[in-house]
Amino acid sequence: MSSPIDTRPVILTGDRTTGPLHLGHYVGSLKSRVALQRSHQQFLLLADTQALTDNADDPEKVRRNVLEVAIDYLAVGIDPALTTICVQSALPALAELTLLYMNFVTVSRLERNPTIKTEIQLRGFERDVPAGFLCYPVAQAADITAFKASVVPVGEDQAPLIEQTNEIVRRLNRQIGREILVEATAMVPSVGRLPGVDGKAKMSKSQGNAIALSASPDDISAAVRRMYTDPDHLKVVDPGKVEGNVVFTYLDAFCDDRQLVEEMKAHYRRGGLGDITLKRQFEDILQALLAPIRERRARYAAAPDYVMGVMRDGTRKARERTEATLAELRNALGLFTLA
C-alpha cells in the first residue's frame, strides 16, 4: 500500500555552520521553524558548503560547527520526526544544479544583487571577492529549487536572493517550455534583525556582540549589563529615550506581555525607571527563556552519536529528493545521458 502524498507546502531554511547559534537566530528564524514544522514539509539545511565561501582558510571551523548547529536545532525544539535536518555538502545534486544554473545568470546581474553588494562591502572584498561568494545567489537558487520549496524564511535584507532565485526559475521554465521548477515566496519575520548588545551592529558571532543559545547564567548577566541603553539617561529621574535602546528592542522581541512593555516604555520616557532595574527585569525574561534550551542542549551534546544519526537519516531523505529534481531537470533540458 503506497504512502499518502504529502501536500503541505515545502519550506527550506538553514544556517551557515560557522559557530553556535545565538539569540538573533532564535528570534529571526528558529522560533518560527519550530512553529511551522507541523504545517509544512520543512527541510533544514546545515549550510557548510556556503560557509566555506568566506571561510576557506579555516575549514576546520566549518566542519566542527556542523554538529554544534545541529545540536542547537534540537535544543530549541526542532523535531527530526517533523523536520528533515540535512548536510549541504553531502547533497551532490546541489553542486551540480549550481554549476548548471551558472549558465543562466550573468556576472553583472550577480554584482547588482543588493544583498551581495552589501556583504562584499562589509567584508572589504572589493575586487578580491571569492567566486563562490559572488555566486552564492546561484547556489541558493540550487538549494531552494532542488527541494522544490515554495516558502523560504529570510530576513528583509535577504529578499533579493529569493528574487534572483525566481528569475532563474522563470528562465529555465521558459527554456523547457513548462513549469518544472517552483517559484518561492520569501517569508520575512515580523521582528527584524536584533542589534548586538553594544547597539552598534546586528548581533553577530564575529562581532563579539551576541548572546549564544548555550550561554551560561553568568554569561547572560554579563551581556545584559553591557547592553546599550540611552547615554543621556544619567539619573533615574531623568526622562529616557526608548528608540535605539537595545534593552527595549530585546523586550519587544522576547517579552510576551505587551502591556507590561508599553508601561515600561512610558515609565522610562517620563523618568523614574533606572537602567539597572530595567536590565534586571529583562534578564529575568532571558534567563527563563534560555535555561531549558541550555539544559536540552547539554543532553544532546552528551549524545553525539544520536545527533549524527539524525543528520545521516535526514541527509539520506534529502538526497533522494534533490537527486530526483536534478534528474527531472536534466531530462527536461535534454542533456546528454549515458544509457
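Could you state the number of Å between the C-alpha centres of the stretch 296-339 and the stretch 36-73?
For the stretch 36-73 versus the stretch 296-339, the Cα centre distance is 13 Å.
What's the carbon and sulfur percent of the chain's accessible surface, probe 1.4 angstrom, rounded to a whole number?
Details: 8950 of 17010 Å².
Whole-percent figure for carbon plus sulfur exposure: 53.
Mind computing the radius of gyration and Dmax over the alpha-carbon atoms of the stretch 141-298? Å is fine for both.
21.0, 70
Starting from the Kirkwood radius over alpha-carbon pairs of the stretch 214-297, derive D by Stokes-Einstein at 25 °C in a medium of 0.890 mPa s and give it in µm² s⁻¹. Intermediate results must be reported in sequence, preceding the final value.
Numbers: Rh = 13.3 Å.
D = 185 µm²/s.
Excluding Thr115 itself, calculate the net charge of residues whose Cβ lies under 11 Å from the Cβ of Thr115, where each Lys or Arg counts +1 and each Asp or Glu counts -1.
Net charge around Thr115: -2.
If a/c stays under 1.5 just call it rounded; otherwise compare a/b with b/c (prolate if a/b is bigger, oblate if not). Do that for the stretch 5-162, with a ≥ b ≥ c from the square roots of the Cα gyration tensor eigenvalues. Walk me through the numbers before you get to the answer.
Numbers: a/c = 1.69, a/b = 1.36, b/c = 1.24.
Taking the square roots of the gyration eigenvalues as a ≥ b ≥ c, the stretch 5-162 is prolate.
In nm, to one decimal, how far is the Gln158 label point from the Glu111 one, both placed 7 Å along Cα→Cβ?
With each label point 7 Å from Cα toward Cβ, the separation is 2.6 nm.
Longest span of the chain, sites excluded, free of GluC sites (Glu not before Pro) in DSSP loop with at most 12 other C-beta atoms within 10 Å? Could the numbers behind the result be given before it?
On the way: sites that count: Glu179, Glu243.
So the longest stretch without any such site is 1-178.
Mean residue ellipticity at 222 nm from the helices of the chain, using -39,500 (n - 2.57) per DSSP H segment of n ≥ 4 over the full residue count, to the nearest 500 deg cm²/dmol? Mind dumping the intermediate values first?
Details: 14 runs with 176 residues, N = 339.
After summing the helix terms and dividing by residue count, I get -16500 deg cm²/dmol.
Keeping all protein chains in place, calculate the accessible area per residue for the chain (probe 1.4 angstrom), answer in Å².
50 Å²
What is the spin-label model distance, in nm, from Ser39 to Leu335 if the labels are put 7 Å beyond Cα along the C-beta direction?
Going by the 7 Å Cα→Cβ label model, 3.6 nm.
For Cα Rg over 2.2 N^0.38 Å, which listed value, (i) 1.03; (ii) 1.09; (iii) 1.47, comes from the coordinates shown?
Given (i) 1.03; (ii) 1.09; (iii) 1.47, the calculated one carries the label (ii).
Which parts of the stretch 48-71 would a label at Leu99 reach, counting a residue when its backbone N lies under 17 Å from a point 7 Å out along Cα-to-Cβ?
49-50
Considering only DSSP states other than H, G, I, E and B, which trypsin sites (Lys or Arg not before Pro) in the stretch 1-67 qualify as loop sites with at most 13 other Cβ atoms within 10 Å? Could the numbers behind the result be given before it?
Working: sites: Arg16, Lys31, Arg33, Arg38, Lys61, Arg63, Arg64; in loops: Arg38.
Filter output for the stretch 1-67: Arg38.
The values are calculated or read from the model by the stated rules, or taken from the named source; none is laboratory data. Every value quoted in this text rests on a predicted model; they were computed, and no experiment measured them. Please note: Cβ atoms are built from the backbone with ideal geometry, for glycine as well, and neighbour counts cover all protein chains shown. The protein model used for the area step is the full one, side chains on, heavy atoms only, and it has no ligands, DNA or RNA in it. Shrake-Rupley method; radii C 1.70, N 1.55, O 1.52, S 1.80 Å.
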